[in-house]
Amino acid sequence: MQKEKILVIGASGQIGVELTLALRNIYGNSQVIASDLREENPLLAGTGPYVSLDVMNKEMLHVQVIRQNITQIYLLAAMLSATGEKNPHLAWHLNMQGLLNVLDIAREEKLSKVYWPSSIAVFGPTSPRRLCPQHTVIEPTTVYGISKYAGEFWCNYYHKRYGVDVRSLRYPGLISYKSLPGGGTTDYAVEIYQEALLHGKYNCYLSSDTYLPMMYMPDALRATLELMEAPADAITIRTSYNVAGMSFSPAEIGASIQKHLPDFDLQYKPDYRQTIADSWPQSIDDSVARNDWGWQPAYDIDRMTVDMLNNHPENKGRRFQ
Ligand code: NAD
Ligand code: SER
């Protein structure tokens with residue numbers, strides 16, 4: 001059997017850094033090639049090969065895939081929701097053309113698997129607000145959501161028409177302490193820990209009662225790896241799976257932090273991201289992922305808070321329990 005050789009595109013980003021390290025643990029350092037448009041993230045330096053690569057340059061991407069004997073691609077390069085609203089055409093172009101380049105090369109080179117994340121941003125104001133199901137009304141109002149929804153159907157099309165084994169998750173907002181987030185509406189839930197540790201206060205750009213679906217990075221990594229390791233015949237969804245971790249508001253995450261930092265001061269000053277957040281569901285029903293490949297999250301808000309505070313680079317030696 002051919003040994004898997006993996007290319008991670010967008011490896012210097014919030015998910016890319018940690019997913020690359022997790023894949024290197026499983027497949028071996030030399031078997032996982034990190035790539036990005038920007039420079040190698042310092043956390044990846046010395047852990048395995050890195051190439052500078054623009055996913056929009058299909059020829060160069062194709063050359064790398066052939067030259068490095070790539071068998072799997074994890075495509076993480078994208079423009080997220082908040083930045084996307086500032087550059088709608090650029091967001092559409094990167095999110096769509098990047099995916100189509102990868103799917104085409106996967107078909108031509110008969111890659112064994114492709115991973116591409118979608119988002120809870122596919123849902124819009126007409127989708128159910130609570131426990132939003134896998135199959136429901138989907139009318140996104142952000143360019144990011146539109147690009148993710150179209151991308152899901154391209155994945156489905158390449159699977160059905162060409163047999164490309166492409167798999168996908170609709171990630172909720174992801175919370176982590178290693179690599180900074182890249183311009184999403186849910187980034188406040190990452191910034192709040194940094195500001196609580198560094199300055200003891202945070203001015204949140206969403207209102208206190210804005211509930212959104214969220215997930216701690218260790219759960220997101222495990223969901224990704226479990227989906228990719230599942231037998232092909234267990235995968236009934238070839239668009240993208242709903243996955244859930246937790247759901248909370250800024251006031252609730254603030255209260256969770258105040259259990260450990262009682263003087264933490266949380267203020268609210270909603271901006272344009274409030275409209276984006278208000279268009280998304282508050283929580284997600286992930287029963288199809290649970291049934292198909294056994295998805296089960298491990299972290300709730302308080303367990304995540306203790307882990308975030310203890311491991312955050314701004315922690316400065318404090319111990320929280
Ligand atoms: P990020 O912005 O942190 O990282 C994206 C990376 O892609 C960056 O390092 C960037 O330099 C790189 N990139 C941009 N354009 C490129 C190009 N043309 N060629 C090569 N690389 C390029 O994003 P992330 O949070 O790590 O998200 C990764 C994926 O997960 C995206 O598809 C995103 O939509 C999806 N997702 C993320 C979240 C979240 O909360 N972080 C939630 C849902 C879905
Ligand atoms: N975290 C992402 C965003 O806010 C959700 O896809 O854009």
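The values are calculated or read from the model by the stated rules, or taken from the named source; none is laboratory data. Bear in mind the structure is a predicted one, so any value in this text is a computation, not a measurement. FYI the Cβ positions are ideal-geometry reconstructions off the backbone, even for glycines, and counts take in every protein chain you see. We work out accessible area using only protein heavy atoms, side chains counted, and drop any ligands, DNA or RNA first. Shrake-Rupley method; radii C 1.70, N 1.55, O 1.52, S 1.80 Å.
Between Asn156 and Glu191, the modelled label-to-label distance comes to 3.5 nm, taking each label 7 Å out from Cα in the direction of the beta carbon. Using a simple spin-label model with pseudo-atoms 7 Å out from Cα toward Cβ, Met56 and Arg107 lie 2.3 nm apart. Reported value for the range 93-161: 89 Å³ per residue, from the convex hull of its C-alpha atoms. With the charge dipole of the chain set up from +1 on Lys and Arg Cβ and -1 on Asp and Glu Cβ about the Cα centre, the Cα lying farthest toward the positive end among the listed residues Met304, Ala251, Phe153 is that of Phe153.
In the structure shown, the pairs Lys113/Lys316; Lys3/Lys316; Lys178/Lys259; Lys86/Lys110 are assessed against 31 Å; a Cα-Cα span above that value is assigned to Lys113/Lys316; Lys3/Lys316; Lys86/Lys110.
Once the Cα atoms are used to define both axes, helix 188-198 deviates from the longest principal axis of the chain by about 60 degrees.
In the chain, taking the dipole from charged Cβ atoms about the Cα centre, the farthest positive-side position among Ser35, Pro218, Ala189 is held by Ser35. Helix 88-108 against the longest principal axis of the chain: what's the angle in degrees, Cα atoms only, rounded to the nearest 10? The answer is roughly 40 degrees. Set against the 2.2 N^0.38 Å expectation for a compact globular protein, the range 13-118 has a Cα radius of gyration ratio of 1.06.
Counting only protein heavy atoms and a probe of 1.4 Å, the accessible surface of the range 169-321 is 48% carbon and sulfur. Per-residue ellipticity at 222 nm computed for the chain from its helices equals -12500 deg cm²/dmol, with DSSP H segments shorter than 4 residues left out and the rest contributing -39,500 (n - 2.57). Here the range 132-165 and the range 33-101 have alpha carbon centers that stand 20 Å from each other.
Accessible area per residue for the chain, computed on protein heavy atoms with a 1.4 Å probe, is 42 Å².
Packing-based ranking of 165-171, 307-313 yields 165-171, 307-313, ordered from highest to lowest mean Cβ neighbour count within 10 Å.
When the inverse distances between all different Cα atoms of the chain are averaged and flipped, the Kirkwood radius reads 20.0 angstrom. If Rh is defined by the Kirkwood formula over all Cα pairs and Rg also comes from Cα, what ratio Rg/Rh do you get for the range 21-73? Taking Rh as the inverse mean 1/r over Cα pairs, Rg/Rh reads 0.96. What you get for the range 206-287, charging only the Cβ of Lys and Arg (+1) and of Asp and Glu (-1), is a dipole of about 140 debye around the Cα centre. For the chain, the share of DSSP beta bridges that are antiparallel, to the nearest 5, is 10%. Dipole size of the range 15-76 about its Cα centre, with +1 on Lys/Arg Cβ and -1 on Asp/Glu Cβ: approximately 180 debye, rounded to the nearest 20.
Arg67 sits among other residues whose Cβ lies under 13 Å from its own Cβ, and their net charge, with Lys and Arg +1 and Asp and Glu -1, is -1. Expressed as a whole percent, the accessible surface of the range 1-139 that belongs to carbon and sulfur atoms is 53, based on a 1.4 Å probe. For the chain, the Cβ-based charge dipole about the Cα centre amounts to some 460 debye (Lys, Arg positive; Asp, Glu negative; other atoms uncharged). Helix 301-311 and the longest principal axis of the Cα set of the chain meet at an angle near 80°. Most tightly packed first, judged by the mean number of other beta-carbon atoms within 10 Å of their residues, the peptides 4-17, 179-192 read 4-17, 179-192.
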